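The values are calculated or read from the model by the stated rules, or taken from the named source; none is laboratory data. The model shown is predicted, which means the values in this text are computed figures rather than measured ones. Don't worry about glycine lacking a Cβ; one is built from the backbone with ideal geometry, like all the others, and counts go over all protein chains shown.
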Amino acid sequence: MNLPRVCAALALACVASAAAAGPPYLTDDPVPTDTGHWEFYVFGSGEGGHSALDADAGIDINYGGAKDLQLTATVPLSFTHEPDDGWHSGTGDLELAAKYRFFHDERSGFSAAVFPRAILPTSSLEHGEKARFLLPLWIGKDFAGGTSLFGGGGYVFNPGDGNRDFWQAGLAVTQDLNNTVSLGAEITRQGPDTDVGTMQTRAGIGSIVKLSDHYALLFSGGPTWADHQTAYHFYAALGMNF
């Protein structure tokens, strides 16, 4: 199965406060990490089907560097499985990003942010890859009763032989059930990332369960429709904030 090579960039572009959105969803929100605070997500994510799997496990590190500014680094290990080739593992691509919230109106609940991200080719499993860059805009609105709606999208520069630049977009809604549990649903779509690729659509549901003021469990998953096949994607993490 020809799974998108920027799957990790999509699945890991969701780095924000566990009290708001971002992880475990592919769609990000405009809320940055609080100034002077750290967030860590020990995660596992992947996409696959029919005995094929592309997966990552690692850590997302976020720091509130200044008011409305979040600095992010993602350091993964990568795992692949093909029916005819078995398991392979190695280092993944290093990701560096900065989220800047340029608009925030507490009275209306609206906010907006840019979250440029660089995916650096440090993977030991993908040779000849070039640096990729994601330039997205994320917009969100909070409603009374614990409901949040957020979404947006951006352009991915995806250089390399046989690759194509493409647009991506996503929309998600979450609902706080109580002070410890929230549920959400989302849908995302992106253009072909290779010369022979097709449009890719993902749908998913997710949940955040707060274990304490500093720890939370995060889960999401659902189907992926790409290259005329149906696969699945998943994300799970232990979130910590200090």
Considering the stretch 150-171, residues that are of a type in the set (Phe, Trp, Tyr) and surrounded by fewer than 21 Cβ atoms within 10 Å (Cβ to Cβ), and then whichever is nearest to GLY204 (Cα to Cα), we arrive at TRP167
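Out of all the residues in the stretch 83-92, is one or more crowded, with 16+ Cβ neighbours inside 10 Å, modelled with pLDDT under 95, touching a strand residue (DSSP E or B) at 6+ places or on another chain (Cβ under 7 Å) and under 22 Å from LEU134 (Cα atoms)? So that I can check it myself, show each step before the final result.
First, pick out the residues of the stretch 83-92 that are crowded, with 16+ Cβ neighbours inside 10 Å: 92.
Adding the requirement that they be modelled with pLDDT under 95 leaves 92.
Those still in the list that are touching a strand residue (DSSP E or B) at 6+ places or on another chain (Cβ under 7 Å) too: 92.
Narrowing further to those that are under 22 Å from LEU134 (Cα atoms): 92.
Checked against the condition, which is being crowded, with 16+ Cβ neighbours inside 10 Å, modelled with pLDDT under 95, touching a strand residue (DSSP E or B) at 6+ places or on another chain (Cβ under 7 Å) and under 22 Å from LEU134 (Cα atoms), the stretch 83-92 yields at least one hit.
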Of PRO24, PRO76, the only residue that is crowded, with 18+ Cβ neighbours inside 10 Å and not in a strand (DSSP E or B) is PRO24
Within the stretch 83-96, the residues that are under 28 Å from ALA118 (Cβ atoms) and in a strand (DSSP E or B) are HIS88, SER89, GLY90, THR91, LEU94, GLU95, LEU96
Per the filter on the stretch 100-159, residues more than 20 Å from the chain's Cα centre (by Cα) and of a type in the set (A, V, I, L, M) are LEU125, ALA144
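In this structure, is ASP213 closer than 19 Å to VAL42 by Cα and among the acidic types (Asp, Glu)? If you could, list the steps in order and put the result at the bottom.
Values: closer than 19 Å to VAL42 by Cα: yes; among the acidic types (Asp, Glu): yes.
Answer is yes for this residue.
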Of the conditions (1) assigned to a strand (DSSP E or B); (2) of a type outside the set (Ser, Thr, Tyr); (3) within 30 Å of GLU126 (Cβ to Cβ), the single one that PRO192 does not satisfy is (1)
Checked ALA118, ALA169, ALA55 against criteria (in contact (Cβ under 8 Å) with a residue 24 or more places away in the chain and in contact with a strand residue (DSSP E or B) (Cβ under 7 Å, 6 or more places away or on another chain)); the one match is ALA55
Those strands (runs of 3 or more DSSP E) completely within the stretch 110-165 that have 3 or more residues that are in contact with a His (Cβ under 9 Å, 6 or more places away or on another chain) and small (Gly, Ala, Ser) are 110-114
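Being among the small types (Gly, Ala, Ser) and either closer than 19 Å to TRP167 by Cβ or crowded, with 17+ Cβ neighbours inside 10 Å (or both) is the filter here; which residues of the stretch 94-130 pass it? Outline the logic, then answer.
We begin by selecting, within the stretch 94-130, every residue among the small types (Gly, Ala, Ser); these are 97-98, 108-109, 111-113, 118, 123-124, 128.
Result: ALA97, SER111, ALA112, ALA113, ALA118, SER123.
Could you list, in sequence order, the residues of the stretch 55-73 that are among the charged types (D, E, K, R) and buried (at least 21 other Cβ atoms within 10 Å of the Cβ)? Walk me through how you get there before you give the answer.
Step one: filter the stretch 55-73 for residues among the charged types (D, E, K, R), giving 56, 60, 67-68.
Passing the criteria: ASP56, ASP60.
Restricted to the stretch 195-209, and to residues that are surrounded by fewer than 18 Cβ atoms within 10 Å (Cβ to Cβ) and in contact with a strand residue (DSSP E or B) (Cβ under 8 Å, 6 or more places away or on another chain), which residue is farthest from THR27 (Cα to Cα)? Before you say what the answer is, go through the steps one by one.
Of all residues in the stretch 195-209, those surrounded by fewer than 18 Cβ atoms within 10 Å (Cβ to Cβ) come to 195-196, 198-199, 201, 203, 205, 207, 209.
This time we only want the ones that are in contact with a strand residue (DSSP E or B) (Cβ under 8 Å, 6 or more places away or on another chain), so: 195, 198-199, 201, 203, 205, 207, 209.
Details: ASP195: 25, THR198: 20, MET199: 17, THR201: 12, ALA203: 11, ILE205: 11, SER207: 14, VAL209: 18 Å.
It comes out as ASP195.
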